[in-house]
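Here's the structure we're looking at; comments come further down.
The values are calculated or read from the model by the stated rules, or taken from the named source; none is laboratory data. Because the structure is a prediction, the values reported are computed rather than measured. Backbone-built Cβ (ideal geometry, glycine too); neighbour counts: all protein chains shown. Note: accessible area is taken over every heavy atom of the protein model, side chains too, but ligands, DNA and RNA are not part of it. Shrake-Rupley method; radii C 1.70, N 1.55, O 1.52, S 1.80 Å.
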Amino acid sequence: QVQLVESGGGSVQAGGSLRLSCAASGRTFSSNTMGWFRQAPGKEREFVATINWSSSGTYYSDSVKGRFTISRENAKNTVYLQMNSLKPEDTAVYYCAASSFLRQTSTTEGAYNYWGQGTQVTVSS
């Protein structure tokens, strides 16, 4: 019933910026908690950012705080991740995720039950 499609990944130099988009289908999008996770080569998938149902609450991992911004436009069924001051350590596949049962922000992977296919972000030095 819910489909998530990410876009906007690519290759940039350190210090550059990218904006990831996540287009969501389904009538429940506006009431769902959303999040971004990433997985670097050879590493576990890790939390990046989350946003609550009304955009009144956001939370970020310490590694991206101050550089990344999560936002949503419910009328467009879209969630964004603006990534500034990118570092080589940000290189990973980035995944958009949605929860069908939660409205608050969550850093826990298990809180999300819908996932996008992932989009590659590569940052070179």
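Things worth noting here:
- Hits in the stretch 42-63 - residues which are in a loop (DSSP other than H, G, I, E, B) and closer than 16 Å to G116 by Cβ: R45
- Count - residues of the stretch 109-120 that are touching a residue at least 24 places away in the same chain (Cβ under 8 Å) and in a loop (DSSP other than H, G, I, E, B): 4
- Cβ pairs under 8 Å, 6+ apart, first in the stretch 75-103 and under 14 Å from Y60 (Cβ atoms) and touching a residue at least 12 places away in the same chain (Cβ under 8 Å), second open to solvent by 60 Å² or more (accessible area, probe 1.4 Å) and small (G, A, S): Q82/S17; M83/S17; N84/S17; S85/S17
- Residue match in the stretch 51-73 (condition: more than 13 Å from the chain's Cα centre (by Cα), closer than 22 Å to S7 by Cβ and free of Cβ contacts under 8 Å to residues at least 12 places away in the same chain): yes
- Residue ID - nearest to G118 (Cα to Cα), chosen from residues in the stretch 71-102 that are part of a loop (DSSP other than H, G, I, E, B) and hydrophobic (A, V, I, L, M, F, W, C): L86
- Within the stretch 63-108, the only residue that satisfies the criterion of being open to solvent by 50 Å² or more (accessible area, probe 1.4 Å), under 27 Å from G26 (Cα atoms) and touching a Lys or Arg at 6+ places or on another chain (Cβ under 7 Å) is Q82.
- Meets criteria (at pLDDT 95 or above and within 20 Å of G110 (Cα to Cα)) for A49: yes
- Of all residues in the stretch 1-41 being at pLDDT 95 or above and assigned to a loop (DSSP other than H, G, I, E, B), the one that is surrounded by the most Cβ atoms within 10 Å (Cβ to Cβ): G9
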